[in-house]
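Novice: Dumping the structure here so I can ask a few things about it.
The values are calculated or read from the model by the stated rules, or taken from the named source; none is laboratory data. Please read these numbers as outputs of a predicted model, since none were measured by experiment. All Cβ positions, glycine included, derive from the backbone under ideal geometry; neighbour counts span all protein chains shown. Just the protein is used for accessible areas: all its heavy atoms, side chains included, with ligands, DNA and RNA removed. Shrake-Rupley method; radii C 1.70, N 1.55, O 1.52, S 1.80 Å.
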Amino acid sequence: MAEEDDDYMGDLSQFLPSESQPSPNPPAQKVPNINGGNKATSLQSSKKRPKTRNWQEQRKLKREIKQVEEDERTLASLESAIPQSNIGFKMLKQMGYTPGSGLGGSGRAEPVGLEIRRSRAGIGREDPIKEKLRKDEEMLWEKRKKEEELMADFGCRVKERWRNKRVVVNFHKAKGVLDQLENKEVVEVEKKDDDDEKDDEDDEEEEVITEEDLHEVLMKLRDDFSYCLFCGCQYESMEALLANCPGINEDDH
C-alpha cells in the first residue's frame, strides 16, 4: 500500500458525532402538570368499577323483563271487550245474549278476574314479587305516618312552650301595672329590647305560673281599675272598657 493512504483507524474523531451538530430528534422536555393530573389519575384508579353481571345473571334479567312485558300485554288485551265480529260473540247473540247483561239473565256480567303467576307458590299464596312490593309500600306509608306524627308532636310542643313563655311575660307585666295602679302611679310600660326580653324569658322559665294566675290578675285590673293590659290603656269606666276592648285574652286583640 502507498504511504499516502491515510490510516482510517488512526483518527477516531470522524466516527464520533459532533457536539455542535444538533440531533435530528431532540428529547421532549417534561412539562410539570399544574392541574394535578397525577392526583386525578389516582382518584380515577381508586374508584371502584361497577360490578358486571355474568352471563347467567344477564340471561335471567332479560327473561324477567321479557315476562313482565308479556304479562302487561296480556292484561291489556284482557281489559278490552270481545269485538262483535268474534264468532263466539255472534253465537251468544243468536242464543239471546244481550251485551252488558249477565249470562242467562242472572249470571255474571263480567268474566272472572285473571291473575298471572310466574312463581311456583301454591294457589292462594301471594306472588313473592308483589308481596315484596306491597310490604315496601306499607313500610313507606308507616314511615311517612311516623314522620307526620313526630312533626305534629314537635309543633305542639313548640307552640305550648311559646304559650307558657307568653303567660309568664304577661303575668309579670300585669303584676307590675297592678302594683303601679294600687300606688296611684302613672302607668308606663317600658319597652325592652329583644335581647333583654330573651334574658327575662329564660329567667322566667323556671317560675311556675299558670294561665289561671294570669287570668286572675287581668280580671282584677279590669274590675278594679278598668284597665286592659293588651289595649295598653285605662278606660274611664267599665262601660267604656266593655264597649271598646275586644276581650280579656291576648288572642282576642
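Novice: Say we look at the stretch 206-222 and pick out the residues that are outside any helix (DSSP H, G or I) and open to solvent by 50 Å² or more (accessible area, probe 1.4 Å); which of these is modelled with the lowest pLDDT?
Specialist: Going through the qualifying residues, I end up with GLU206.
Conditions tested, residue by residue: (1) open to solvent by 70 Å² or more (accessible area, probe 1.4 Å); (2) in a helix (DSSP H, G or I).
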residue: GLU57; (1), (2): yes, yes
residue: ILE65; (1), (2): yes, yes
residue: GLU72; (1), (2): yes, yes
residue: ALA76; (1), (2): no, yes
residue: THR98; (1), (2): yes, no
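Novice: Looking at the stretch 223-239, which of its residues are over 16 Å from VAL167 (Cα atoms) and open to solvent by less than 30 Å² (accessible area, probe 1.4 Å)?
Specialist: SER226, TYR227 - these are the residues of the stretch 223-239 that are over 16 Å from VAL167 (Cα atoms) and open to solvent by less than 30 Å² (accessible area, probe 1.4 Å).
Novice: Might you check whether a residue that is among the aliphatic types (A, V, I, L, M), at pLDDT 85 or above and in a loop (DSSP other than H, G, I, E, B) occurs anywhere in the stretch 149-166?
Specialist: No.
Novice: Related question: Of the residues in the stretch 117-155, how many are open to solvent by 90 Å² or more (accessible area, probe 1.4 Å) and either touching a helix residue (DSSP H, G or I) at 6+ places or on another chain (Cβ under 7 Å) or among the hydrophobic types (A, V, I, L, M, F, W, C) (or both)?
Specialist: Of the residues in the stretch 117-155, 9 are open to solvent by 90 Å² or more (accessible area, probe 1.4 Å) and either touching a helix residue (DSSP H, G or I) at 6+ places or on another chain (Cβ under 7 Å) or among the hydrophobic types (A, V, I, L, M, F, W, C) (or both).
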